[in-house]
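Computed from the coordinates by the stated procedures, all read-outs in this text should not be read as laboratory data. It should be emphasised that the depicted structure is a prediction, and the values quoted were computed from it without experimental measurement. Cβ: placed from backbone, ideal geometry, glycine included. Neighbour counts: every protein chain shown.
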Amino acid sequence: MFDPIPDLSTARILVSNDDGLDAPGLAVLERVARSLSDDVWVVAPETEQSGAGHSLTLHDPIRYTARGERRFAVRGTPTDCVLLAVKRFMADRGPDLVLSGINRGGNIGEDVTYSGTVAVAMEGTLLGVRSIALSQQFADGDAIPWATGERLAGDVIRRACAAPWTRDVLINVNLPDRPPEQVKGVRLARQGKRVGSSRFSENLVERVDPRGRPYVWIGVEQVRAFNGADTDLHAVAEGYIAVTPLCIDLTDQGTMASMARVF
């Protein structure tokens, strides 16, 4: 189990994301982290890596640039960033807490399988550090309510860290598309699933370039129906902050039992 951290003021915190070092959500989370502790490190991708998932750079060198004290831009994936931070930049003393985000857009339901934001927390967990991913839901075309995370994320992080949790678990936090004064509260919620088509599969846009060669854009389709009132999808839609523990162990025990009869 990860032991509780009742007081984060002496904690060493690593902040990363998948939207890149200059993303506004990272700036919000960095301010939140600095309200919790003075020992904050920021190691993030040099450019946006949304949808990178839990990928590593294996066949190219990973270059990085110092962007100030305890602040680095990495030319690689979100996972690369955490690995370099823990094993290289913070080798003298690793982080007590990894914070990822705040992502521009939700990471709920099946989104977590694609998410570079969740991958940051996943890599932190695999390296033995308690880790929290944070994402901000918003409607296309509307202003992103960054003030919600600025005002409310710190309390969620404190409360989560005050509890013990299993060492192969990360915490996934999704903030609703509402200003902070309209957020109804916090709900523990299981990972949901959208009903019908997947988020991406039904929105492939095929075009032809000026040389006559076909290409495809993968669009983003928001499917509104989902599978249960106890899910992260429902909680966020109702105006709550969704807190979802996600397990690194993806083994399904029920299928293990049925397969044991044939293998």
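Within the range 47-130, report the GluC sites (Glu not before Pro) that DSSP leaves as loop and that have at most 16 other Cβ atoms within 10 Å.
Of the GluC sites (Glu not before Pro), the ones in loops of the range 47-130 whose Cβ has at most 16 other Cβ atoms within 10 Å are E48, E69.
Pick out, from V183, G68, V129, the residue whose Cα sits farthest towards the positive end of the charge dipole of the chain, with +1 on the Cβ of Lys and Arg and -1 on the Cβ of Asp and Glu.
Looking along the dipole axis, the top candidate is V129.
Can you give me the C-alpha center-to-center distance between the range 7-28 and the range 135-197, rounded to a whole angstrom?
If you average the Cα positions of each part, the centres end up 15 Å apart.
Using a Gaussian network model of the chain whose springs link C-alpha atoms within less than 10 Å, name the residue from A44, A235, A121 with the highest mean-square fluctuation.
Highest fluctuation of the listed residues: A235.
Of the beta bridges DSSP finds with both residues in the range 1-148, what % are antiparallel, to the nearest 5?
Working: 4 of 22 bridges.
In the range 1-148, DSSP labels about 20 percent of beta bridges as antiparallel.
With springs only between Cα atoms under 10 Å, which of Q136, Q253, Q182 fluctuates most in a Gaussian network model of the chain?
Among Q136, Q253, Q182, the largest GNM mean-square fluctuation belongs to Q253.
In debye, nearest 20, what is the charge dipole magnitude of the chain about its Cα centre with +1 on Lys and Arg Cβ and -1 on Asp and Glu Cβ, if you could check? Intermediate values should be presented prior to the final figure.
Working: 29 positive and 34 negative charges, 42 e Å.
Charge dipole of the chain: 200 debye, to the nearest 20.
Report, in debye and to the nearest 20, how large the dipole of the range 16-63 comes out about its Cα centre when Lys and Arg carry +1 and Asp and Glu carry -1 on their Cβ.
Around 80 debye, computed over the range 16-63.
Sequence gap at least 6, Cα distance under 8 Å: using those rules, report the relative contact order of the chain to the nearest whole percent. Before the final figure, lay out the partial values.
Values: 574 pairs, mean separation 48.7, N = 263.
Contact order relative to length: 19 percent.
Within 10 Å of each residue's Cβ, count the other Cβ atoms and sort Y240, Y114, Y215 from fewest upward.
Going from least to most buried by this count: Y215, Y114, Y240.
Tell me, what is the percent relative contact order of the range 1-138, built from C-alpha pairs under 8 Å that lie six or more residues apart?
29
Take the Cα radius of gyration of the chain and divide it by 2.2 N^0.38 Å, with N its residue count; two decimals is plenty.
1.03
Classify the range 27-127 as rounded, prolate or oblate, taking a ≥ b ≥ c as the square roots of the eigenvalues of its Cα gyration tensor: rounded when a/c is under 1.5, otherwise prolate if a/b is larger than b/c and oblate if not. Each step should come with its number before you reach the end.
Values: a/c = 1.55, a/b = 1.13, b/c = 1.37.
Oblate is the answer for the range 27-127, as a/c is 1.5 or above yet b/c matches or exceeds a/b.
DSSP beta bridges in the chain, what fraction antiparallel, as a percent rounded to 5?
Of the beta bridges lying entirely in the chain, close to 40 percent run antiparallel.
Putting +1 on Lys and Arg Cβ atoms and -1 on Asp and Glu Cβ atoms, find which of V205, L36, H234 reaches farthest to the positive end of the dipole of the chain.
L36
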